[in-house]
Structures are given as C-alpha cells and as structure tokens.
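Everything below concerns the one structure shown next.
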C-alpha cells in the first residue's frame with residue numbers, strides 16, 4: 001500500500017512539473033536571465049546565443065564527452081550556457097533558443113546554465129538585433145558539473 005502511494009505521489013509530481021513547463025512555455029517565454037539563481041532547476045528561458053567557444057573533448061567518469069560554452073543573452077543580461085555532446089554542433093551565434101527544464105550551477109562565482117539530464121534546448125528562431133561572434137574570453141572555464149547519473153544519458 002505504501003509503495004503504491006509513493007508511486008502515485010511520484011507520478012503526480014511528474015505530471016505537475018510537465019504541466020507547469022507546458023503552461024509557462026505556452027503563455028510566456030519563461031524567465032529572464034537576471035532572475036536565475038545558482039542551484040535552481042526547472043528553468044524555462046528564451047534567449048539569443050551571442051557567442052560560442054571552441055568545442056572541447058573531456059574525459060569524465062571514463063567517458064569522452066564533447067562540450068562547448070556559449071554566451072546566452074536576453075534583454076535582462078547574459079549567462080554562460082554549457083552545451084553537451086549532440087547539442088555542441090546544433091546552434092550558432094545569433095540563434096534564438098528556448099531551453100526547457102534547465103539547471104543553473106555556479107563555478108568560481110559565475111552562474112552557468114545547462115540542460116542537465118532532463119532538459120531540452122531547441123531552436124526558436126533567428127535574432128536580427130545585434131552583432132554576434134565567437135567568444136574568446138582568454139580564460140579557461142569549467143563546464144557546469146553534472147552528477148554521474150546525468151552523464152550516463154549523454
């Protein structure tokens with residue numbers, strides 16, 4: 001009986017999260033970058049990729065993973081976006097993207113956004129408002145950390 005109650009509660013929570021993601025995505029374009037806080041999940045945001053670092057290969061948990069940092073911008077500010085594996089080649093500077101169910105982490109005092117295990121990032125259009133280019137910050141940045149269970153799905 002207790003196991004069935006637990007399963008029902010888990011299903012209810014999943015349905016509520018998906019309903020809220022759909023409702024928020026349908027009626028507005030999500031949060032603003034300045035609203036994001038480290039440790040926050042279930043992020044829905046639409047913003048423009050303003051620049052991309054070079055693609056890197058890292059070895060994590062014995063697996064080779066591709067990653068690429070990008071600068072994401074909306075009308076409130078910018079944040080570093082970490083793209084993983086198949087997403088590293090999907091986008092270019094100037095693309096308007098929508099991230100659903102993203103996650104914010106912090107490394108060396110800088111907030112970073114990623115799709116995490118359950119998030120998705122999709123092309124939402126093309127930004128025609130400003131200049132774009134390759135990011136060359138001159139410093140090596142650390143990707144948003146994922147826990148081991150997240151990495152297994154990449």
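Which of the residues that make up the stretch 55-73 are touching a residue at least 60 places away in the same chain (Cβ under 8 Å) and farther than 20 Å from residue 98 by Cβ?
58, 60, 61, 63, 65, 67
Spot the failing condition for residue 18; the list is (1) in a loop (DSSP other than H, G, I, E, B); (2) modelled with pLDDT under 90, and only one is missed.
Answer for residue 18: the failing condition is (1).
Which of the strands (runs of 3 or more DSSP E) contained wholly in the stretch 74-119 include at least 3 residues that are more than 22 Å from residue 57 (Cα to Cα) and out of contact with any helix residue (DSSP H, G or I) (no Cβ under 9 Å at 6 or more places or on another chain)?
The strands (runs of 3 or more DSSP E) meeting that bar are 95-107.
Can you say whether residue 49 is farther than 16 Å from residue 90 by Cα and part of a strand (DSSP E or B), as far as the supplied structure shows?
Judged against the criteria, residue 49 is not a match.
The values are calculated or read from the model by the stated rules, or taken from the named source; none is laboratory data. Keep in mind that this is a model prediction, so the values were computed, not measured. All Cβ positions, glycine included, derive from the backbone under ideal geometry; neighbour counts span all protein chains shown.
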